[in-house]
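Structure first, commentary second.
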Amino acid sequence: MFWLWMIIVLLLAALLELLAGSSGIAMPVLAVVGFYFAVLRPWRPLLLPYLAVGVALDLCFARSIAPHVLIMPLALCGGRLWCFSGELKTPLVQAVPGAGVGLLASLAVLGGQLIQGQAVFAQPSQVVYHLVENVLWGMMLLPLFCLVLDSAARVLALRRYSRVTPHDIIEEEDGKDA
């Protein structure tokens, strides 16, 4: 049941990011959802589906260098680290890792443009705007997704972000289902 729920949320996140991107809004939706699920489950099994959807999203945006190849493993590892050392119960505190995910997504996209030879830093105001936009969207999206997806997980009787403990994840990695 978890995998079906995760795939549905993954595809909806990709659709939301694609719709926002085609409207000119930079939103790190896929990276934020990846962070959310990396807190719930070990990150390694999540990597392949998120990389596949991330690369497909990069192809839809016609990026010759796929920044999601860098974004997704780092966001998933960051979610894993946040599970062990971060605060999971308070939704507003989730703005801190959300800002980090937004910054990571923004730097990866700007780095990809820089590698392609585009004049990224010719207009510093655009770079700052892109960075701030992604950071703010990350700060808003992660607490929002924590509330919305946790309420859906409660209805589906699945593990919730606000209730997960590092002990649950360690047991699952050792082969026991938590």
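Collect the residues in the range 84-111 that are loosely packed, with under 14 Cβ neighbours inside 10 Å and of a type in the set (S, T, N, Q), keeping them in residue-number order.
Within the range 84-111, Ser85, Thr90 qualify.
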### Query
Somewhere in the range 66-76, is a residue more than 10 Å from the chain's Cα centre (by Cα) and surrounded by fewer than 16 Cβ atoms within 10 Å (Cβ to Cβ)?
yes
### Query
Residue check: is Arg80 under 20 Å from Pro143 (Cβ atoms), among the charged types (D, E, K, R) and either exposed (fewer than 15 other Cβ atoms within 10 Å of the Cβ) or at pLDDT below 90 (or both)?
yes
### Task
Kindly list the number of the only condition in (1) more than 23 Å from Gln116 (Cα to Cα); (2) of a type in the set (A, V, I, L, M); (3) in contact with a His (Cβ under 7 Å, 6 or more places away or on another chain) that fails for Leu48.
(3)
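The values are calculated or read from the model by the stated rules, or taken from the named source; none is laboratory data. All values reported here derive from a predicted model rather than from experimental measurement. Note: ideal-geometry Cβ built from the backbone for every residue, glycine included; neighbour counts use all protein chains shown.
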